[in-house]
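Have a look at the structure below before the remarks.
The values are calculated or read from the model by the stated rules, or taken from the named source; none is laboratory data. Every value quoted in this text rests on a predicted model; they were computed, and no experiment measured them. Backbone-built Cβ (ideal geometry, glycine too); neighbour counts: all protein chains shown.
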Amino acid sequence: MKKNLVIVESPAKAKTISKFLDPKFVVVSCMGHIIDLPQKELGIQIEDNFKADYVVIPKKQKLLTQLKKDAKDKEKIYFATDPDREGEAIGWNLKEKLKTKDKQSLRVVFHEITKGAIEEAFKTPRDFDVNKIQAQQARRILDRIVGYFLSPLLWRKVSRGLSAGRVQSVALRLIVEREREIQKFVADEFWKITAELNKKEAKTKQDKLNFFARLDKQNDKKIEIKNKKDADDITEKIKNNSFTVKDIQIQKKKKNPPAPFITSSLQQESFNKLGFSTTKTMVLAQGLYEGIELGEEGSVGLITYMRTDSTHIAQVAIEELRKFISGKYGKEYLPEKPNVYKSRALAQEAHEAIRPTSCFREPQSIKQYLSPEQYKLYELIWKRAVASQMNPALYEFTLVDIQAGEFLFKASGFDVLFKGYGTLYALEIDEEEEEKTSLPELTIGENLNLVNLTPSQHFTKPPARFSEGSLVKALEEDGVGRPSTYAPVIQTIISRDYVRRLKGYLFPTELGFKVSDLLVEYFPKIMNIEFTARMEEELDRVEDGSYNWINVLNEFYHPFKESIDFAKKTIKKEVVFSDQKCEKCGKQMVVKWGRRGKFLSCSDYPRCKFSKSITTGKICPEPNCGGELIERRSSKGKIFYGCSNFPKCRFTSSKLPE
Ligand SMILES: [Zn+2]
Ligand SMILES: [Zn+2]
């Protein structure tokens with residue numbers, strides 16, 4: 001009997017899938033895209049409706065030959081690539097290149113690599129989805145057009161080898177603008193006055209608690225204290241008043257569980273809670289999705305597909321979650337009806353949220369098979385998914401007004417009445433959490449003891465730099481990010497040294513400022529957030545079949561080409577002279593930008609080719625070396641300091657010595 005061929009993207013996925021299929025299916029891997037636009041030319045015939053001249057990626061030629069061989073004696077070919085646009089296009093392009101017209105080509109789609117999902121998918125194969133393929137092509141072509149025409153302009157103005165792209169340039173702009181806000185920020189001084197109080201008569205342990213109240217009003221007007229002298233004067237005035245409870249308000253509040261993860265929220269939480277970069281999160285998640293060897297059980301896909309913007313959970317999984325919750329935590333944790341969450345308007349409801357493939361596979365029970373990082377991420381995904389189907393947390397806020405002469409203080413406390421989903425997933429109360437303490441039992445009219453009255457100095461804070469987490473959030477809110485783009489966008493601006501990381505926060509380099517400013521000046525449309533968001537939305541509409549992909553490209557290309565032509569005519573290279581003279585010919589040296597940062601070059605280039613690095617001014621700590629330290633970047637984009645006498649002196653350090 002003839003066998004069938006199944007093609008997936010990766011060996012790990014191939015291994016997990018083959019376990020669930022009977023032996024007449026041979027599963028092989030194509031290792032991602034087989035074809036792409038050519039590297040050295042545009043590869044798009046704009047006049048011919050943006051016809052793309054795809055070529056086989058040189059490194060993949062051998063693999064393609066092998067896949068053709070694999071396909072030869074098979075009856076049917078199943079394309080089981082990932083369930084998003086990218087996966088659809090990889091499968092389709094491969095089908096075109098395999099030239100297997102004599103055989104039946106089928107597309108199978110699943111969002112998790114489990115027995116049930118695989119069997120179901122192979123029972124119901126479908127044709128390729130042309131809309132998805134066109135949406136992916138349109139994005140690839142848009143990005144190519146931008147990169148191809150913009151990059152040479154950056155070379156002319158700034159430095160050779162630089163490149164610009166559509167979405168990542170917008171991300172760079174956000175970071176640059178935030179940095180300018182921070183630079184412009186002037187901190188304002190302000191003072192708080194805090195009273196430490198307790199009850200005059202205390203019987204229970206709770207009653208003996210000291211608690212804190214903050215000065216809020218003077219003669220019914222909000223108080224603002226700007227300096228130490230005022231703070232001291234007011235403190236003096238308050239001191240001799242008696243403190244009386246004036247009003248007590250109790251509010252019961254409900255806090256609903258968070259939605260199960262989609263790509264963006266996973267990346268944010270994984271950064272905030274685990275400190276993982278977006279790229280790291282995606283690499284780990286992909287491993288969990290494709291399958292982990294669980295001892296005797298063999299390779300198992302532990303989570304659903306990790307590129308998704310849908311919060312939908314399959315009915316079977318909901319039922320399993322409900323069974324698990326009532327069994328493990330008790331009926332009071334289980335809502336009457338399953339919780340339903342809203343997704344972005346154009347999100348793919350056919351997709352699913354990121355959840356464990358079985359919630360009964362508790363993190364602890366498979367810990368031994370996971371790396372410590374895989375374990376942390378799996379635990380986060382597992383907890384979030386289970387929590388999302390639990391009851392809300394209930395708590396009680398108590399707000400107390402305390403009068404002291406003409407001054408009014410406020411104290412607040414909160415008690416958790418029912419933890420609900422908070423048992424599993426940390427409750428985020430609100431920003432002023434730190435000031436909410438437990439309060440003793442108080443009654444209106446009651447007099448209190450003043451234990452301490454403390455003025456404290458504070459300053460208004462500048463806006464925070466973006467972290468990878470908050471940048472993903474901003475891109476999502478602005479509508480410019482998509483599940484498949486967040487991680488590569490951040491990766492790109494870092495690897496090009498437009499942006500660097502400092503303690504988890506992103507800040508632009510001098511080069512990043514230059515590139516962003518240039519693009520904003522000459523390509524306001526490309527750098528415009530609303531415009532980029534609209535392009536992304538149109539690509540979504542191509543995918544759902546309600547918009548023509550050629551229209552998207554036309555709408556973009558013609559105005560873009562006009563700004564390119566204008567910029568070509570008007571952009572001039574700026575020359576920055578340094579105060580140093582060329583060691584070879586004595587002419588002035590000029591500052592230039594290279595892939596590895598700034599350097600000095602002879603102004604008589606190309607006649608005189610002398611160039612030198614710009615040193616940090618720090619002397620090399622190697623004994624008898626006398627060189628100076630120079631900032632360098634590794635091929636991976638890490639900054640380090642090396643000696644100017646390299647290769648004679650091989651000193652390097654990740655930090656600049658004091
Ligand atoms: Zn020279
Ligand atoms: Zn040295």
| Residue check, Ile526 against (1) in contact (Cβ under 8 Å) with a residue 60 or more places away in the chain; (2) assigned to a loop (DSSP other than H, G, I, E, B); (3) of a type outside the set (Lys, Arg); (4) not assigned by TED's automatic domain parsing to the domain that holds Ile494, all met but one. Which one? | (4)
| task | Give me the pairs, please: first residue somewhere in the stretch 182-195 and assigned by TED's automatic domain parsing to the domain that holds Lys239, second residue anywhere and surrounded by 14 or more Cβ atoms within 10 Å (Cβ to Cβ) and among the aromatic types (Phe, Trp, Tyr), beta-carbon distance under 8 Å, and either six or more positions apart or on two chains. | result | Thr194/Phe212; Ala195/Phe212; Ala195/Phe243; Ala195/Phe409
| message | I'd like to check something: does the stretch 251-260 contain any residue that is modelled with pLDDT under 95, surrounded by fewer than 21 Cβ atoms within 10 Å (Cβ to Cβ), on the phi > 0 side of the Ramachandran plot and not basic (Lys, Arg)? | response | no
| task | State which residue is nearest to Leu506 (Cα to Cα) when the search covers only the stretch 628-658 and only residues that are in contact (Cβ under 8 Å) with a residue 24 or more places away in the chain and within 10 Å of ligand 2 (Cβ to nearest atom). | result | Leu629
| query | Quick one: in the stretch 20-38, which of the residues that are within 28 Å of the chain's Cα centre (by Cα) and assigned to a loop (DSSP other than H, G, I, E, B) is surrounded by the most Cβ atoms within 10 Å (Cβ to Cβ)? | reply | Cys30
| Just checking, which of Glu622, Glu583, Glu510, Glu574 is more than 36 Å from the chain's Cα centre (by Cα), loosely packed, with under 13 Cβ neighbours inside 10 Å and touching a residue at least 24 places away in the same chain (Cβ under 8 Å)? | Glu583
| query | Ile381 versus (1) of a type outside the set (S, T, N, Q); (2) assigned to a helix (DSSP H, G or I); (3) surrounded by fewer than 23 Cβ atoms within 10 Å (Cβ to Cβ): which is the lone unmet condition? | reply | (3)
| request: Select from the stretch 415-442 the residues that are in a loop (DSSP other than H, G, I, E, B), modelled with pLDDT of 70 or more and either in contact with a helix residue (DSSP H, G or I) (Cβ under 8 Å, 6 or more places away or on another chain) or not basic (Lys, Arg) (or both) and list them in ascending order. | output: Leu424, Tyr425, Ala426, Ser438, Leu439, Pro440, Glu441, Leu442
| said: Is it the case, given these coordinates, that Glu628 is exposed (fewer than 12 other Cβ atoms within 10 Å of the Cβ) and away from ligand 1 (no atom under 14 Å from the Cβ)? | reply: no
| task | Answer yes if at least one residue in the stretch 576-591 is more than 16 Å from ligand 1 (Cβ to nearest atom) and within 29 Å of Thr492 (Cα to Cα), and no otherwise. | result | yes
| message | Given the criteria closer than 30 Å to Tyr486 by Cβ, in a helix (DSSP H, G or I) and without any contact (Cβ under 8 Å) to a residue 12 or more places away in the chain, does Gln286 qualify? | response | no
| note | For Asn49, the lone unmet condition from (1) on the phi > 0 side of the Ramachandran plot; (2) in contact with a strand residue (DSSP E or B) (Cβ under 6 Å, 6 or more places away or on another chain) is (2)
| remark: Exactly one of Ser163, Ser151, Ser169 is under 30 Å from Pro462 (Cα atoms) and small (Gly, Ala, Ser), and that residue is Ser169
